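K.L.:
Handing you a structure now.
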Amino acid sequence: MNPYARFLENRDPAEVIAGTARQLQKLIETLGKERSEQAPAPGKWNAREIVCHLADCEIAFAFRLRQGLAEDHHVMQPFDQEKWARTYRNYDVQAALGVFRALRDWNLALIGSLTPQTLAKPVTHPERGEHTLGVIVETMAGHDINHIRQLEAIAGRSQAA
């Protein structure tokens, strides 16, 4: 079960993930440093924290893809995003974007080299069950869309203020 599949709406996951870094850069430029620090609501991540989260997730996706390729029936390690987020106050949004972009480019190179047969290789997520390497790529894309929409909403609210 992929909770992010609904965000794809028949879009090609590879195209989505290939364009995310550019979209993030534009949104952060639109917001600027000051507005990137403003949370949309109490207890919600601000734009900088969302970009930090995306950088962290790219680390996790990179590891999951590579372990899934290296091992038969790899069981992924979930992580608690709120615990990882405790360090986000230490990170600059541009540094987070740089990390995301570098890792995403690295992951895109790997994903682009995978055959349909390889993308069908089974992996297991302890909370979501058995799926494939291709579902990891779909998850990356849906996750990107979800957070891009959050950033667009923040930018929209910021411009209206």
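The values are calculated or read from the model by the stated rules, or taken from the named source; none is laboratory data. Being a predicted model, the structure only gives us computed values, none of them experimental. Note that each Cβ is placed from the backbone with ideal geometry, even for glycine, and that neighbours are counted across all protein chains shown.
K.L.:
Scan (1) out of contact with any His (no Cβ under 8 Å at 6 or more places or on another chain); (2) surrounded by 15 or more Cβ atoms within 10 Å (Cβ to Cβ); (3) not basic (Lys, Arg) for the single condition GLY156 breaks and write down its number.
P.N.:
(2)
K.L.:
A further question on this structure: Quick test for you: out of GLU58, GLU127, pick the one residue that is surrounded by fewer than 13 Cβ atoms within 10 Å (Cβ to Cβ) and either under 20 Å from PHE7 (Cα atoms) or within 16 Å of the chain's Cα centre (by Cα) (or both).
P.N.:
Sole residue among the options that is surrounded by fewer than 13 Cβ atoms within 10 Å (Cβ to Cβ) and either under 20 Å from PHE7 (Cα atoms) or within 16 Å of the chain's Cα centre (by Cα) (or both): GLU127.
K.L.:
To continue, here is another question. Somewhere in region 107-114, is a residue among the polar types (S, T, N, Q) and within 19 Å of TYR4 (Cα to Cα)?
P.N.:
yes
Yes/no matrix, rows are residues, columns are (1) of a type in the set (D, E, K, R); (2) in contact with a strand residue (DSSP E or B) (Cβ under 6 Å, 6 or more places away or on another chain); (3) under 23 Å from LEU31 (Cα atoms); (4) in contact (Cβ under 8 Å) with a residue 12 or more places away in the chain:
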position: HIS53; (1), (2), (3), (4): no, no, yes, yes
position: TYR91; (1), (2), (3), (4): no, no, yes, yes
position: LEU110; (1), (2), (3), (4): no, no, no, yes
position: GLY129; (1), (2), (3), (4): no, no, no, yes
position: VAL135; (1), (2), (3), (4): no, no, no, yes
position: GLU138; (1), (2), (3), (4): yes, no, no, yes
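K.L.:
Shifting gears a bit: Looking at ALA160, ALA109, can you tell me which residue is small (Gly, Ala, Ser) and at pLDDT 95 or above?
P.N.:
ALA109
K.L.:
Could you tell me whether ARG48 is over 30 Å from LEU119 (Cα atoms), modelled with pLDDT of 95 or more, among the basic types (Lys, Arg) and under 16 Å from the mean Cα position of the chain (by Cα)?
P.N.:
Spelling it out, ARG48 is indeed over 30 Å from LEU119 (Cα atoms), modelled with pLDDT of 95 or more, among the basic types (Lys, Arg) and under 16 Å from the mean Cα position of the chain (by Cα).
K.L.:
Shifting gears a bit: Taking interchain pairs and intrachain pairs at least six residues apart, which have beta carbon atoms under 7 angstrom, with the first residue in region 4-21 and more than 15 Å from THR139 (Cβ to Cβ) and at pLDDT 95 or above and the second part of a helix (DSSP H, G or I) and of a type in the set (Lys, Arg)?
P.N.:
What qualifies is ALA21/ARG101; ALA21/ARG104.
K.L.:
Further question: Give region 24-51 a look and list any residue that's farther than 11 Å from PHE100 by Cβ, of a type in the set (S, T, N, Q) and either in a loop (DSSP other than H, G, I, E, B) or touching a residue at least 60 places away in the same chain (Cβ under 8 Å) (or both), or say none.
P.N.:
THR30, GLN38, ASN46
K.L.:
In region 60-115, what count of residues is obtained for those that are among the aliphatic types (A, V, I, L, M) and assigned to a loop (DSSP other than H, G, I, E, B)?
P.N.:
2
K.L.:
If you scan region 60-90, which residues turn out to be of a type in the set (A, V, I, L, M, F, W, C) and either under 21 Å from GLU130 (Cα atoms) or touching a Ser or Thr at 6+ places or on another chain (Cβ under 6 Å) (or both)?
P.N.:
Correct list: ALA60, PHE61, ALA62, PHE63, LEU65, LEU69, ALA70, VAL75, MET76, PHE79.
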